[in-house]
Amino acid sequence: MTITSQESEVRNWVTNILPPATSPGRGLNLTTPGFVEIKPHTLSGIRSGLTQLGARLAKANFPTGVLATYLGTDSRGNPLRKGKATHLRVYGVLVNATPKPTLAQYNRPGKWHYLGTSTLRDTISHPPVDHAPAFGWAVEPVVQAQVKLGVALSTPKRLWTLGGGPAAGPDMTYSELAGFYRELARELRDPLYAELASELEAMAA
């Protein structure tokens, strides 16, 4: 079977760039508020995600964000390019707003983090992996849940806001719980929220 240059590049990303499917979330520490963009783990998906995330970070003046990518696999963990997936493997990479993120910056080992694998049960209606973007929209809630779970193992106490689908806006937004309650205390002038924020900051120290 002849392998096209595009397929060869994608295979390289999957086999050489991604970490093994162990230790979900290890090393992915989120120290500032930011956005998460969710894309398929393909060259076009990664390129699009970096561009979209970079623009959102610049507009919001956030220093970092996360690009989360997904791979549909069979029961043995082999990535699929067509057909029905039984599992969804999720990866994440921390993206800096500056310098402007480019594909070359993230095409090397050590950047990506394994965030976990979810089983796509029969109760989850989803098309074959090659039916994009329908497959992506169908599994986006699964990816969002896996991102939250994977990040929580490394960086707990995040506050998540979910978006995504065909709607405008980031797929996910994250912030620190302590910062959220401190802002709420300022807006409502409520000392109880300020006390809760202090307690969360002490727990995180």
Using the Karplus curve 6.51 cos²θ - 1.76 cosθ + 1.60 with θ = phi - 60°, work out ³J(HN,Hα) for each residue of segment 78-90 in order, rounded to whole Hz, and write x for Gly and Pro. 7, x, 10, 9, 7, x, 8, 7, 9, 9, 10, 9, 10
Go through 97-105, 142-150 and give me the packing order, highest mean Cβ count within 10 Å leading. 142-150, 97-105
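Express in nm, to one decimal, how much length is gained between residue 55 and residue 96 on full extension, taking 0.36 nm for each residue of separation and deducting their alpha carbon distance.
Working: separation 41, 0.36 × 41 = 14.76 nm, distance 1.12 nm.
Computed gain between residue 55 and residue 96 is 13.6 nm.
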Would you mind counting up the charge near residue 98? Only other residues with Cβ under 15 Å from its Cβ, with Lys and Arg at +1 and Asp and Glu at -1. +3
Cross-link reach list, lysines versus residue 82, counting only Cα pairs under 30 Å and skipping chain neighbours closer than eight places: 39, 111, 148
Estimated FRET transfer efficiency when R0 is 30 angstrom, pair residue 162-residue 132 (beta carbons, to 0.05): 0.90
Under 5 Å from the placed amide H of residue 95, counting only residues 5+ away or on other chains, we find 65, 66, 67
What net charge is computed for the residues neighbouring residue 171, neighbours being all others with C-beta under 14 Å from the C-beta of residue 171, Lys and Arg scored +1, Asp and Glu -1? +1
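On the accessible surface of segment 75-114, probed at 1.4 Å, how many percent belong to carbon and sulfur atoms? Could the numbers behind the result be given before it?
Values: 1170 of 2300 Å².
So the carbon and sulfur contribution to the accessible surface is 51 percent.
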With the crude spin-label approximation of a point 7 Å out along Cα→Cβ, what separation in nm comes out for residue 32 versus residue 107? 2.7
Find which of 125, 46, 107 sits farthest along the positive direction of the dipole of segment 21-136, computed with +1 on the beta-carbon of Lys and Arg, -1 on that of Asp and Glu, about the Cα centre. 107
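The values are calculated or read from the model by the stated rules, or taken from the named source; none is laboratory data. Just so it is clear, the structure is predicted and the values come from calculations on it, not from any experiment. Backbone-built Cβ (ideal geometry, glycine too); neighbour counts: all protein chains shown. Just so you know, the surface numbers come from the protein's heavy atoms only, side chains and all, with ligands and any DNA or RNA stripped out. Shrake-Rupley method; radii C 1.70, N 1.55, O 1.52, S 1.80 Å.
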